[in-house]
1. Name, by its number, the condition in (1) in contact (Cβ under 8 Å) with a residue 40 or more places away in the chain; (2) within 23 Å of residue 280 (Cα to Cα); (3) in contact with a helix residue (DSSP H, G or I) (Cβ under 8 Å, 6 or more places away or on another chain); (4) surrounded by 22 or more Cβ atoms within 10 Å (Cβ to Cβ) that does not hold for residue 32.
2. Does the stretch 217-239 contain at least one residue that is part of a loop (DSSP other than H, G, I, E, B), within 16 Å of the ligand (Cβ to nearest atom) and closer than 21 Å to residue 152 by Cα?
3. When the residues of the stretch 24-39 are narrowed to those that are modelled with pLDDT of 95 or more and more than 21 Å from residue 81 (Cβ to Cβ), which ends up nearest to the ligand (Cβ to nearest atom)?
4. Which residue out of 205, 118, 145, 127 is modelled with pLDDT of 95 or more and in a helix (DSSP H, G or I)?
5. Check whether at least one residue in the stretch 63-76 is touching a residue at least 40 places away in the same chain (Cβ under 8 Å) and within 16 Å of the ligand (Cβ to nearest atom), and report yes or no.
6. Could you check the stretch 130-142 and list, in sequence order, the residues that are under 15 Å from the mean Cα position of the chain (by Cα) and part of a helix (DSSP H, G or I)?
7. Here are some conditions: (1) more than 22 Å from residue 202 (Cβ to Cβ); (2) away from the ligand (no atom under 16 Å from the Cβ); (3) surrounded by fewer than 17 Cβ atoms within 10 Å (Cβ to Cβ). Residue 16 meets all but one. Which one does it not meet?
Ligand SMILES: [Zn+2]
């Protein structure tokens, strides 16, 4: 065994942790979503992830690592590869004594408007997320989803409503901004999203014509906000609005009610079921551990002839 799982992945015989859920001395952080990132003494991550971490959880000791530039630590060779999930997101390949372990972090196989496209290395052992690891999760094409979003915004404006796009503060919101900005819409953005959007732009991803939301006329403009803003004065003050939530969970009929919105569009920053299987075909692992999704995914994989099991013994996250 090359690793053990103990609130994070620990490489045995070294001080290296991957996405530890508690503070440790030395940790590779796959991306800056807070279910993966904690404050550690020293963090290895991409320059983009380090920047987001500083904004979100404060300054830490750091090792800045570009994609595909190997780094040696405590007998381990660490290489980061783009994961296609959000800007700066990485898969982590650890090589110890000729054995390769790939930790996927969160990943997306398709195109993303605002993240580097995924690049998949081969590995002997694969620890992979499987958020959408059930066959019901088959997302429409990227083009269809972008058209759905643009058409929602156009229709709302035509009908005299302010379109309000709801998405997670880091990643999803900026991706929506990129799609809408490229389509020529002017946006007003919640403060928490605006701070992170500036970092996207500092790394060269131009998001179009936008400004931080202030109380002003919103005629012809699109508002971008996180879900937490639905209950705040900012959104309550907009009398005529139509809300849309962007998430892979939009595939469920109950999503609109569950998230308290008028529309839901499955713009996902995770792979869908077929994407997860394609990922495995490209990695060609001998052993698979699944995490961040339904335990049933490991059962599907075993039925397909893979040597697979869930990483954690306890119940794993499933939103529906
Ligand atoms: Zn994530």
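1. (2)
2. At the first step, the residues of the stretch 217-239 found to be part of a loop (DSSP other than H, G, I, E, B) are 217-220, 226, 232, 237-239.
Now narrow it down to the ones that are within 16 Å of the ligand (Cβ to nearest atom): 226.
Still in the running and closer than 21 Å to residue 152 by Cα: 226.
Yes, the stretch 217-239 contains a residue that is part of a loop (DSSP other than H, G, I, E, B), within 16 Å of the ligand (Cβ to nearest atom) and closer than 21 Å to residue 152 by Cα.
3. Out of the qualifying residues, it is 24.
4. 145
5. no
6. Within the stretch 130-142, the subset under 15 Å from the mean Cα position of the chain (by Cα) is 130-132.
If the condition is that a residue be under 15 Å from the mean Cα position of the chain (by Cα) and part of a helix (DSSP H, G or I), then no residue fits.
7. Going through (1) more than 22 Å from residue 202 (Cβ to Cβ); (2) away from the ligand (no atom under 16 Å from the Cβ); (3) surrounded by fewer than 17 Cβ atoms within 10 Å (Cβ to Cβ) one by one, residue 16 breaks only (3).
Quick grid of which residues meet (1) more than 16 Å from the ligand (Cβ to nearest atom); (2) crowded, with 22+ Cβ neighbours inside 10 Å; (3) assigned by TED's automatic domain parsing to the domain that holds residue 296:
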{"site": "109", "(1), (2), (3)": "no, no, yes"}
{"site": "118", "(1), (2), (3)": "no, yes, yes"}
{"site": "123", "(1), (2), (3)": "yes, yes, yes"}
{"site": "128", "(1), (2), (3)": "no, yes, yes"}
{"site": "131", "(1), (2), (3)": "no, yes, yes"}
{"site": "163", "(1), (2), (3)": "yes, yes, no"}
{"site": "167", "(1), (2), (3)": "no, yes, no"}
{"site": "179", "(1), (2), (3)": "yes, yes, no"}
{"site": "187", "(1), (2), (3)": "yes, yes, no"}
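The values are calculated or read from the model by the stated rules, or taken from the named source; none is laboratory data. Since this is a predicted model, take the numbers as computed values, not measurements. Cβ: placed from backbone, ideal geometry, glycine included. Neighbour counts: every protein chain shown.
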